[in-house]
Amino acid sequence: MTTQAAVRPSATVPQGTQRRGWRLLASVGAWGLLALLAVLVWPVKFGGFTSFVFVSGESMHPTYEPGDLVVAWKREPAVGDVIIYAPTGYDGAQVVHRIIGGNAQDGWTVQGDNNDFIDPFTPKGAEVRGVVLVHIPNVAPIMSAMLSPYLWVGLFLVAAAVMVWPGKDDEQDPEEQQDENVADELPAGEPELIGGK
């Protein structure tokens, strides 16, 4: 006499539910990444932590050249750090120079690497926009090209040409062309044979 063990059905998740779960997880991850990116790049002047400045002079040569992009993060600076600061009373003008002395309470002593004089400003508190962490060389020409109306008109014309240009769907399939040629070769008045003897 043989005995059969009771087989319990395994608890499986329906495939549709599993897909929805992965989509939800991907969506939450994408929104989380977007929120993190927004926090990382939100400008200081709008309550964020990041400052972006295009270098325009020679005062930081050879560390930075005109046209370079520097990105600073809002954190406590120290002597030796390159900072972005906006002196009070200069309509938001921003300076990228190195701290050579001072402190956060009394103000920092700053100087350009290529200057033989100390800045007349001693930035402190909210005047210090952040410590430079990222340097991207020679970005200003690319940015000015991207803002050029000629570039956007050219892109618009290329996009219009791509939309108007005939695609593969507009061309006839070679098999369909061959079938039409065969139908044209049949004598008039005789029916076409389809799978007959």
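Bear in mind these aren't lab numbers, they're just calculated from the coordinates by the rules spelled out. Remember, predicted model here, so these are calculated numbers, not experimental data. Counting neighbours? That spans all protein chains shown, and the Cβs are built from the backbone with ideal geometry, glycine included.
Looking at 56, 130, 109, which one has the Cα that reaches farthest to the positive end of the dipole of the range 45-142 (charges on Cβ: Lys, Arg +1; Asp, Glu -1)?
Working it through, the farthest residue towards the positive pole turns out to be 130.
By the scheme Lys and Arg +1, Asp and Glu -1, what is the net charge of all other residues having a beta-carbon under 11 Å from that of residue 53? Present the calculation step by step, with values, prior to reporting the outcome.
On the way: positive: 129; negative: 68.
Once positives and negatives cancel, what remains is 0.
Would you grab the residues whose amide H sits under 5 Å from the one on residue 129? Only those 5+ places off in sequence or on another chain, please, with H modelled 1.01 Å from N.
For residue 129, the qualifying residues are 84, 85, 86.
Rounded, prolate or oblate: which fits the range 92-158, taking a ≥ b ≥ c as square roots of the Cα gyration tensor eigenvalues, rounded meaning a/c under 1.5, else prolate when a/b beats b/c? Don't skip to the end; give the middle numbers.
On the way: a/c = 3.75, a/b = 2.90, b/c = 1.29.
Because a/c hits 1.5 or more and a/b exceeds b/c, the range 92-158 counts as prolate.
Based only on other Cβ atoms within 10 Å, what is the fewest-to-most ordering of 136, 83? Don't skip to the end; give the middle numbers.
Values: 136 14, 83 24.
Listing 136, 83 from fewest to most nearby Cβ atoms yields 136, 83.
Provide the gained length on full extension for the span residue 155 to residue 100, in nm with one decimal, where the gain is 0.36 nm per separating residue minus the Cα-Cα distance. Present the calculation step by step, with values, prior to reporting the outcome.
Details: separation 55, 0.36 × 55 = 19.80 nm, distance 4.73 nm.
Answer, rounded to one decimal: 15.1 nm.
With contacts defined as alpha carbon pairs under 8 Å and 6 or more residues apart, what's the relative contact order of the range 45-142 in percent? Numbers along the way, then the final one.
Values: 229 pairs, mean separation 33.3, N = 98.
Relative contact order for the range 45-142 comes out at 34 percent.
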